[in-house]
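Novice: Before anything else, here's the structure in question.
We did not get these values from a lab; they are worked out from the coordinates using the rules stated. Keep in mind that what you see is a predicted model, and the values were worked out from it rather than measured. We place every Cβ from the backbone using ideal geometry, glycine too, and count neighbours over all the protein chains shown.
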Amino acid sequence: MSVGMLSLVVLLAILAALAVRQGEDFGPVLRRFIEQFGMLVPRMLCALIAAGFIAVLIPKEQIAALLGSEAGILALPVAAAAGLIVPAGPVIAFAIAAVFAKSGASTPALITFITSWSIFAAHRILIYEIPLLGASFLRLRVLSAMVVPLLAGLIALFIARYSAFGEAMPLQ
Amino acid sequence: MQSFAFLRDRTWIRGVLANAFGPSFWGFAAGAAAFGVLAMAIKGPDIVAEALADDLRLLIDLMPRVLVALSIAALIWVMLPRERMASLVGEDSGMRGLMVATLAGAITPGGPSSAYALLAVLAVSGADRGALVAYITAWATLGLQRILIWDVPFMGAEFALLRFAVSLPLPVIAGLVARRLPLEFRVKDTSPPPAKKADA
């Protein structure tokens with residue numbers, strides 16, 4: 001069992017014990033569970049399959065060629081855009097980041113890529129955000145956080161001028 | 001048992017099914033099929049089969065997490081002291097509210113299933129739009145669990161530390177922007193939280 005799963009199970013056990021002690025009514029709990037399950041899981045199946053196909057269609061090597069440190073600040077928008085089109089979980093996203101790093105992508109570009117992916121990953125928007133929060137929240141969030149990946153890259157770029165700290169050492 | 005009576009309520013069952021297999025489900029299914037055809041045409045059947053096998057592995061990995069995350073969210077949804085939430089991360093919570101939301105996002109364990117389920121709970125509990133955006137941005141960029149499990153092994157500890165450091169101010173910035181954007185924001189989930197017992 002992974003660390004993440006373990007901490008979730010522990011949290012669930014604590015909450016359940018608390019609920020029993022407070023004499024909570026489990027009817028509404030089950031109702032909420034079933035409603036959210038129905039909202040999420042069927043769409044999730046389709047999105048998962050679509051994301052798997054998109055991940056094999058992304059031209060990783062061609063993108064990596066645009067992210068080197070000689071590209072400087074221009075690498076940041078490319079990296080941000082690359083993050084947008086990776087519709088998959090951390091396994092694939094970080095595998096792609098490692099490919100970028102090995103092909104010489106600069107540290108600020110890698111940070112922008114990972115930040116952009118973590119904020120805007122399309123599969124998460126489709127599977128969770130729209131069903132659970134709705135389109136008006138999505139619009140608000142996307143407009144509010146649009147600059148965040150570029151800001152992260154700019155701060156990293158600024159730091160890179162003074163120190164080489166934080167250079168990626170990608171997994172082989 | 002009175003409180004489980006909804007399980008036999010036909011209207012409720014029909015509503016859940018309509019939500020699960022409505023037009024947007026078929027939109028998703030059509031999208032998946034279209035990308036499958038595209039991958040088949042460009043990469044060939046071997047790659048398509050491999051992608052499908054990966055999907056299956058991912059799904060088996062994912063289902064237990066989704067079940068646990070949704071159970072947690074459903075419990076919190078019933079148990080959360082809503083009045084206290086409003087003063088902590090409500091509209092008048094100011095900078096402190098954004099920082100509380102950022103911290104909560106950074107320490108929320110689990111993947112998107114738990115984070116988004118909790119976000120939906122916060123949205124109906126009086127959290128303001130800035131806090132909601134700050135929370136989910138913090139979960140995405142500062143999530144400690146993701147940094148430990150993914151950034152560190154894949155990219156190295158120094159890189160992980162640098163990425164964490166440059167991301168520190170960003171959720172609050174996103175939250176401040178969200179509070180100022182002249183956009184209409186309607187919470188989708190309108191189902192009322194269960195009434196608390198009067199003596200609770």
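Novice: Determine the principal axes of the Cα atoms in the stretch A:31-172, then give the extent along each, sorted from largest to smallest and rounded to whole angstroms.
Specialist: 55, 30, 21
Novice: In addition: To the nearest 20 Debye, how big is the dipole of the stretch A:1-134 about its Cα centre, given +1 on the beta carbon of each Lys and Arg and -1 on that of each Asp and Glu? Intermediate values should be presented prior to the final figure.
Specialist: Values: 7 positive and 6 negative charges, 27 e Å.
Roughly 120 debye, rounded to the nearest 20.
Novice: So what are the ³J(HN,Hα) numbers for the stretch A:13-18, from phi and the Karplus equation (6.51, -1.76, 1.60; θ = phi - 60°), rounded to whole Hz, Gly and Pro as x?
Specialist: 5, 4, 4, 5, 4, 4
Novice: What percent of all Cα-Cα pairs in the protein assembly as shown falls into each 20 Å bin, going from 0 up to the bin containing the maximum distance?
Specialist: 28, 58, 14, 0
Novice: Per DSSP H run of n ≥ 4, the term is -39500 (n - 2.57); total these for chain B, divide by its residue number, and report the mean residue ellipticity at 222 nm rounded to 500 deg cm²/dmol. Kindly include the intermediate steps, with their values, before the conclusion.
Specialist: Working: 10 runs with 141 residues, N = 200.
After summing the helix terms and dividing by residue count, I get -23000 deg cm²/dmol.
Novice: If you place +1 on the Cβ of every Lys and Arg and -1 on the Cβ of every Asp and Glu, how big does the dipole about the Cα centre of the stretch B:85-168 come out, in debye to the nearest 20? Please list the in-between numbers first.
Specialist: Details: 4 positive and 5 negative charges, 19 e Å.
Result for the stretch B:85-168 is approximately 100 debye, rounded to the nearest 20.
Novice: Please list, or write none, the aspartates and glutamates whose alpha carbon is within less than 12 Å of the alpha carbon of residue B:188, excluding same-chain residues fewer than 8 places away.
Specialist: Residue B:188 reaches A:129.
Novice: To continue, here is another question. With a point put 7 Å past each Cα toward its Cβ, work out how far residue A:146 is from residue A:57 in nm, to one decimal.
Specialist: Computed distance between label sites residue A:146 and residue A:57 equals 2.5 nm.
Novice: Other chains' Cβ within 10 Å of B:143-153 residues: what's the mean?
Specialist: Numbers: counts 2, 0, 5, 5, 0, 2, 5, 8, 6, 0, 3.
That works out to 3 on average.
Novice: Can you sort B:148, B:132, B:142 by how many other beta carbons sit within 10 Å, fewest first? Kindly include the intermediate steps, with their values, before the conclusion.
Specialist: Numbers: B:148 14, B:132 26, B:142 21.
Lowest to highest Cβ neighbour count: B:148, B:142, B:132.
Novice: As I understand it, the dipole of chain B uses +1 on the Cβ of Lys and Arg and -1 on the Cβ of Asp and Glu, about the Cα centre. Which of B:53, B:108, B:159 lies farthest toward its positive end?
Specialist: B:108
Novice: May I ask you to sort B:150, B:26 by Cβ crowding, counting other Cβ atoms within 10 Å and putting the fewest first?
Specialist: Fewest-to-most ranking of B:150, B:26: B:26, B:150.
Novice: Could you tell me the calculated FRET efficiency between residue B:14 and residue B:183, based on Cβ-Cβ distance and R0 = 25 angstrom, to the nearest 0.05?
Specialist: On the way: r = 33 Å, r/R0 = 1.34.
Result of the calculation: an efficiency of 0.15.
Novice: Could I ask something else about it? Using Cβ counts within 10 Å as a stand-in for footprinting exposure, how do B:158, B:184 rank, fewest first?
Specialist: Values: B:158 16, B:184 8.
Neighbour counts put them in this order, fewest first: B:184, B:158.
Novice: Over all directions, average the projected area of the Cα convex hull of the stretch B:96-191 and note it in nm².
Specialist: On the way: hull surface 25.4 nm².
Seen from a random direction, the Cα hull of the stretch B:96-191 projects 6.4 nm² on average.
Novice: Turning to a different aspect of this structure: If the cut-off is 18 Å between C-alpha atoms, which aspartates and glutamates fall inside it for residue A:102, apart from same-chain ones fewer than 8 positions away?
Specialist: Cα-Cα hits under 18 Å: A:61, A:70, A:167, B:151, B:158.
Novice: How do the peptides B:113-123, A:78-88 rank, highest first, by the average count of neighbouring beta carbon atoms within 10 Å per residue? Don't skip to the answer; put the middle values down first.
Specialist: Details: B:113-123: 24.5, A:78-88: 21.8.
With the highest mean Cβ count within 10 Å placed first, the list reads B:113-123, A:78-88.
Novice: Using 0.36 nm per residue of separation minus the Cα-Cα distance, give me the extension gain between residue B:84 and residue B:5 in nm, one decimal. List each step's numbers first, then the result.
Specialist: On the way: separation 79, 0.36 × 79 = 28.44 nm, distance 3.04 nm.
Taking residue B:84 through residue B:5 to full extension adds about 25.4 nm, to one decimal.
Novice: P(r) for the stretch B:1-42, please, calculated from all Cα pair distances in 10 Å bins and given in %.
Specialist: Spelled out bin by bin, the stretch B:1-42 gives 25, 27, 22, 15, 9, 2 percent.
Novice: Per residue of B:96-109, what is the mean number of Cβ atoms on other protein chains within 10 angstrom of that residue's Cβ? Don't jump to the answer; show the numbers that get you there.
Specialist: Values: counts 0, 0, 0, 0, 0, 0, 0, 0, 0, 0, 0, 1, 2, 9.
Average neighbour count from other chains, rounded to a whole number: 1.
Novice: Largest first and in whole Å, what are the equivalent-ellipsoid semi-axes of the stretch A:1-48 based on the Cα gyration tensor, each being the root of 5 times an eigenvalue? If you can, show how the numbers build up before the last one.
Specialist: Details: eigenvalues 121, 71, 3 Å².
The three semi-axes for the stretch A:1-48 are 25, 19, 4 Å.
Novice: Sketch the reach of a paramagnetic label on residue A:17 as a point 7 Å from Cα along Cα-to-Cβ, and name the residues of the stretch B:68-108 whose backbone nitrogen lies under 17 Å away.
Specialist: So the set is B:72, B:76.
Novice: At 222 nm, what value in deg cm²/dmol follows for chain A if DSSP H runs of at least 4 each add -39500 (n - 2.57) and the sum is divided by all its residues, to the nearest 500?
Specialist: Dividing the helical sum by the residues of chain A leaves -22500 deg cm²/dmol.
Novice: Among rounded, prolate and oblate, which fits the stretch B:31-85 when a ≥ b ≥ c are the square roots of the eigenvalues of its C-alpha gyration tensor, a/c under 1.5 means rounded, and a/b larger than b/c means prolate?
Specialist: Values: a/c = 6.66, a/b = 3.02, b/c = 2.20.
It is prolate, given that a/c is not under 1.5 and a/b is the larger ratio.
Novice: Averaged over its residues, how many other protein chain Cβ atoms are within 10 Å of peptide A:112-124's Cβ atoms?
Specialist: Details: counts 2, 0, 11, 7, 2, 1, 11, 9, 1, 2, 0, 1, 7.
Other-chain Cβ atoms within 10 Å of each residue's Cβ, averaged: 4.
Novice: Given 0.36 nm per residue, what is the gain on full extension from residue B:26 to residue B:46 after removing their alpha carbon distance, in nm?
Specialist: Details: separation 20, 0.36 × 20 = 7.20 nm, distance 2.62 nm.
My answer for the length gained is 4.6 nm.
Novice: Another question, then. With a cut-off of 8 Å between alpha carbons and a minimum separation of six or more residues, what is the relative contact order of chain B in percent? Write down the numbers at each step before the final one.
Specialist: Details: 167 pairs, mean separation 35.9, N = 200.
Relative contact order comes out at 18 percent.
Novice: For a test of the definition: using alpha carbon positions, the gyration tensor, and the 1.5 limit on a/c, classify the stretch B:54-101 as rounded, prolate or oblate. Don't skip to the answer; put the middle values down first.
Specialist: Values: a/c = 6.30, a/b = 2.27, b/c = 2.77.
Oblate, because a/c is 1.5 or more while a/b does not exceed b/c.
Novice: Simple spin-label model, 7 Å along Cα-to-Cβ: residue B:144 to residue A:163 in nm?
Specialist: For residue B:144 paired with residue A:163, the spin-label model returns 2.2 nm.
Novice: So for the stretch B:24-174, Kirkwood radius off the Cα pairs, Stokes-Einstein at 20 °C and 1.002 mPa s: how many µm² s⁻¹? Could the numbers behind the result be given before it?
Specialist: Values: Rh = 17.7 Å.
Rounded to a whole number, D works out at 121 µm²/s.
Novice: Could you work out the pair-distance distribution P(r) of the stretch A:83-161 from its alpha-carbon pairs, with 5 angstrom bin width and percents rounded to whole numbers?
Specialist: Reading upward from the zero bin: 3, 16, 22, 22, 18, 11, 6, 2, 0.
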